[in-house]
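Undergrad: Structure below; questions to follow.
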Amino acid sequence: MSESAASISSIPPDEQTPLVRWVNDWGGAVVDGIVAIGDMAIFTWHMLRWMVSRLPSRGTVLINFYQVGALSLPVVALTGTFIGMVLAVQSYAQFHAIGLDSRLGAVINGTLVKELGPVLAATMLAGRVGGAMAAVLGTMRVTEQIDALTAMGADPIHYLVVPRFLACILLIPALTIMADFMGIVGGYFYSVVILGIDHAAYLNHSREGVTGFDLFSGIFKSFFFGGIIAIVSCYRGFHCEPGADGVGKAATTAFVYSFVLILAIDLFLTIVLNSIYYTLYPNGTSFL
Amino acid sequence: MSLAGETIEDDAEISDLDQPLIEARNVSVQFDSQNILSNINVTIQRGQTVAVIGESGCGKTVFMKTLIGLICPTAGHILLDGFDLNAMDQEQITLARRRFGFVFQNAALFDSMSIFDNVAFPLRQIKKISDQEISERVFQHLAEVGLPKNVTRKRPAELSGGMRKRVGLARALILNPEVLVYDEPTTGLDPIMSDVINELILETRRRYPVTSVVVTHDMRTARKVADRVLMFYPRTRLLDEETQILFDGSPSDLENSEDRRVRQFVRGEAGERLNELAQQADF
């Protein structure tokens, strides 16, 4: 168990039976978990209060927009392209065996727009931006820069967290669209140019495979992914332990927690959005 | 207004001036199960320069951060001009903090900003100041701490330790604070640069009507800049009936203290400390 787990037993450690120790360890971990969730909820609440009361200056926001959006664009585009091509490689054999090569586009594009595009963009953002946010804020915590902000009458959540949160939630839809687009281009290139599938048939089936609701649901989910990346990463940075090891741990845990939460939220939102879709369109037809 | 009325106002001003600027009343700070500060009572008058000395881990920095509201005491109160910091709302505590200037141990300059932006940062938090005035005040305060104009474009990582400390001092002074708090101002500096910082602390006191709190374990700094010295001792090594402040007096009385531990610290003698540490390690 974690060394930092809270002790819930009043019996001294030397006198604990294995069962008591086991209950103590796991109970402590549960208590620590509940405390961390509560702490993160308060952290989020403070941030949301600043969002409605006073937004940060334009200069602070723009620099974060640049770092989160502009600098992430190339890597998201590149990975999106490769994912599109990998999907083509992986699916081709099965589709070719049953003579449905031309329907490859429907599968590639549907998978990208509904799932892989948003999740891929969020994963890249969590890795490239989330880890960096936790490391930067963690270093600021360790070197007393966050204390300095407070001492000078600036609120660190207002100054450091709100701009990063805004950048993540407002720019992740653009990154998702880029991942979707480049994945579609990559899939088309590999299927039509490399595998020799008929261009017109590929495009026709591609149009059938993606509905407007699919596109909407992917972008809708990305807002939540962006929010969770910013909150988890900033929270981990603010609660960084001292030393180089503490900063490294903050960056790693920021990515791991963000990634796990992205997948959990993805599952939950997919179920909810599917229910809404089949309520609105019982026959499964698109609104476009 | 009648003459009598003026007298009453004057009396009120005198009584305000008599009131301690900062008062710690029964302050205790605990992290998890560890008592860092226990039942601390200190009053600091306007204009005083107080050195807080003590060995590493005795709670000096925690005390200083508690004074400016960066750490909330587990028990007790910090009063600023008679007003309890704990009872203030966010806006009031922000205004209260602007009455302090804080020089951090490693300067705590913002890595992502130039030196100019670092020093200008507190001014930019106050919206009503023009860019022209900000520039003038930044250059004035950098000149006061002996830094040339050409450092303003540099980043903190490009400066030496002594220069960073001086930038930290310029940043702390830029809002003309009533209280200047220095955390280990000379730690990690060569003897000459340490003395430059000591001279700057004295020069600042001559130039501005500030109250200063200097946390240090450099006895040369304490003797040179302070007119009152408080010596803290780690709570864990005290008897229950002992207070954590072993010495409260003028620097000249330090050598003659009746407490062996104070004399030992002032002379920098290990004494029985090495044996105690060895016993703790064996335990």
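The values are calculated or read from the model by the stated rules, or taken from the named source; none is laboratory data. This structure is a prediction, so every number in the text was calculated from the model and none was measured. Reconstructed Cβ throughout: ideal geometry from the backbone, glycine too, with neighbour counts over all protein chains shown.
Undergrad: For the subset of region B:182-238 comprising residues that are in a helix (DSSP H, G or I) and among the small types (Gly, Ala, Ser), which member is farthest from the chain's Cα centre (by Cα)?
TA: If we take residues in region B:182-238 being in a helix (DSSP H, G or I) and among the small types (Gly, Ala, Ser), then B:194 is farthest from the chain's Cα centre (by Cα).
Undergrad: Additional query: Of everything in region B:81-99, what is in contact (Cβ under 8 Å) with a residue 12 or more places away in the chain and away from chain A (no Cβ under 14 Å)? Give them in sequence order.
TA: Listed by number, the residues that qualify are B:81, B:82, B:83, B:86.
Undergrad: Limited to region A:123-145, what total is found for residues that are over 20 Å from the mean Cα position of the chain (by Cα), at the interface with chain B (Cβ under 9 Å from one of its Cβ atoms) and touching a residue at least 40 places away in the same chain (Cβ under 8 Å)?
TA: Count: 2.
Undergrad: State whether the residues of region B:133-144 include one that is under 27 Å from residue A:133 (Cα atoms) and in contact with a Phe, Trp or Tyr (Cβ under 8 Å, 6 or more places away or on another chain).
TA: Checked region B:133-144: no residue is under 27 Å from residue A:133 (Cα atoms) and in contact with a Phe, Trp or Tyr (Cβ under 8 Å, 6 or more places away or on another chain).
Undergrad: Then there is this: With the structure loaded, tell me whether residue A:242 is exposed (fewer than 13 other Cβ atoms within 10 Å of the Cβ) and touching a residue at least 12 places away in the same chain (Cβ under 8 Å) or whether it fails that test.
TA: yes
Undergrad: Taking residue A:159, is it among the aromatic types (Phe, Trp, Tyr), within 13 Å of another protein chain (Cβ to nearest Cβ) and surrounded by 18 or more Cβ atoms within 10 Å (Cβ to Cβ)?
TA: It is true that residue A:159 is among the aromatic types (Phe, Trp, Tyr), within 13 Å of another protein chain (Cβ to nearest Cβ) and surrounded by 18 or more Cβ atoms within 10 Å (Cβ to Cβ).
Undergrad: Sticking with this one: Give the number of residues within region B:132-160 that are touching a residue at least 40 places away in the same chain (Cβ under 8 Å) and over 15 Å from residue B:176 (Cβ atoms).
TA: Number satisfying all stated conditions: 6.
Undergrad: Could we say that residue B:162 is closer than 23 Å to residue B:226 by Cα, assigned to a loop (DSSP other than H, G, I, E, B) and not assigned by TED's automatic domain parsing to the domain that holds residue B:205 here?
TA: Taking the combined requirement at face value, the residue does not satisfy it.
Undergrad: For region B:11-25, check the following and say yes or no: at least one residue is closer than 20 Å to residue B:228 by Cβ, more than 17 Å from the chain's Cα centre (by Cα) and at pLDDT 90 or above.
TA: yes
Undergrad: Within the set of pairs 6+ apart or on separate chains, which have a first residue in region B:49-77 that is away from chain A (no Cβ under 14 Å) and part of a loop (DSSP other than H, G, I, E, B), a second that is among the polar types (S, T, N, Q) and buried (at least 21 other Cβ atoms within 10 Å of the Cβ), and C-beta atoms under 6 Å apart?
TA: Matching pairs, first to second residue: B:73/B:66.
Each row is one residue, and each column tells you yes or no for (1) within 30 Å of residue B:155 (Cβ to Cβ); (2) small (Gly, Ala, Ser).
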| residue | (1), (2) |
| --- | --- |
| B:32 | no, no |
| B:65 | yes, no |
| B:105 | yes, no |
| B:110 | yes, no |
| B:114 | yes, yes |
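Undergrad: Looking at region B:239-258, which of the residues that are closer than 18 Å to residue B:58 by Cα and modelled with pLDDT of 85 or more is farthest from the chain's Cα centre (by Cα)?
TA: Residue satisfying both the conditions and the ranking: B:243.
Undergrad: Please verify whether region B:110-123 includes one or more residues that are away from chain A (no Cβ under 13 Å), closer than 22 Å to residue B:169 by Cα and either basic (Lys, Arg) or free of Cβ contacts under 8 Å to residues at least 12 places away in the same chain (or both).
TA: no
Undergrad: Could you tell me which residue of region A:19-78 is farthest from residue A:186 (Cα to Cα), considering only residues that are of a type in the set (S, T, N, Q) and more than 21 Å from the chain's Cα centre (by Cα)?
TA: Only one residue fits best here, namely A:24.
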